[in-house]
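Here is the structure we will look at.
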Amino acid sequence: MLSIQNLHASVGDKPIIKGLTLDVPAGEVHAIMGPNGAGKSTLSYVLTGRDGYEVTDGSATLNGEDLLALEPAERAAKGVFLSFQYPLEIPGVPALTFIRAAVNAQRKARGEEEIAAPAFLKTAKAEAARLKIDFDMLKRPLNVGFSGGEKKRMEILQMAMLSPKFLILDETDSGLDIDALKIVSEGVNAMRAPDRGMLVITHYQRLLDYIKPDRVHVLAAGRIVASGGPELALQLEAEGYDKYVTKDAA
């Protein structure tokens, strides 16, 4: 589904991603773990097309289509979704209005009809209830005055409404207490499907207790230096990243 081959990327004049190769088949959840500064968030931004991140070599395809040749909006219309570590606040724009505009923009880009208001509201209410989001929150400006847990649940609501093909979760557990982590993880797990892939970026094993990965990869100094099953995350929790950082530096 997602295939990254020998990817190199820089921010300004600084190389961050240095020959990264990774394949995530449809139906699987892959986790990327690694120390600060390894390039985890940079990878998510490169895949989604954020300005300021320049690909200097390599390729990234989704279902055989060149992602890097597409504009960010085109990548989103193809089904790429990024859940931010720090969700943005948009004063003056009600969350419900934002989500419906996003859904209809993607439907239009795919040549589909806009979703009717009654159908949209019915689905939004059901998804909000599942994520324990008070529906009145959706009438407030997006993420303005929301707690960390509320912002993350709002991201998962957007994800559910957009129904993307490939999900990138950038430290979704950041700032969450145990109750919020369980709710968010349940929302993510509900999105698992044979034709959908997920890339979960995290520092800590605790998220992977709730979102069980098929594969775990260690990212250090801009490239994948180790891969394994879920047991690798437990090993990293116990031993840390030192041996991988040392090995890569050598």
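Condition first: part of a strand (DSSP E or B) and in contact with a Pro (Cβ under 8 Å, 6 or more places away or on another chain). Now tell me which residues in segment 65-110 satisfy that. Break it down stepwise before answering.
Step one: of segment 65-110, the residues part of a strand (DSSP E or B) are 65-66, 80-83, 90-94.
Residues satisfying the conditions are Val80, Phe81, Ile90, Pro91, Gly92, Val93, Pro94.
Looking at segment 142-174 only, could you name the residues that are farther than 19 Å from Tyr204 by Cα and among the polar types (S, T, N, Q)? The answer is Asn143, Ser147, Gln158, Ser163. Contact map, segment 73-85: residues that are more than 11 Å from Arg110 (Cβ to Cβ) and among the hydroxyl-bearing types (Ser, Thr, Tyr) paired with residues that are modelled with pLDDT under 90 and part of a loop (DSSP other than H, G, I, E, B), Cβ distance under 7 Å, separation 6+ or inter-chain. Pairs shown: Ser83/Thr172.
Can you confirm whether Lys132 is charged (D, E, K, R), touching a residue at least 24 places away in the same chain (Cβ under 8 Å), farther than 13 Å from Arg100 by Cα and part of a loop (DSSP other than H, G, I, E, B)? Yes: the conditions hold for Lys132. For segment 53-64, the set of residues classified as in a loop (DSSP other than H, G, I, E, B) and within 19 Å of the chain's Cα centre (by Cα) consists of Asn63 only. Looking only at residues in segment 178-205 that are in contact with a helix residue (DSSP H, G or I) (Cβ under 9 Å, 6 or more places away or on another chain) and assigned to a strand (DSSP E or B), the one that is farthest from Ile32 (Cα to Cα) is Met198.
Identify all residues within segment 56-78 that are exposed (fewer than 12 other Cβ atoms within 10 Å of the Cβ) and over 22 Å from Glu112 (Cβ atoms); write none if there are none. Residues satisfying the conditions are Thr56, Asp66, Ala69.
The values are calculated or read from the model by the stated rules, or taken from the named source; none is laboratory data. Being a predicted model, the structure only gives us computed values, none of them experimental. Please note: Cβ atoms are built from the backbone with ideal geometry, for glycine as well, and neighbour counts cover all protein chains shown.
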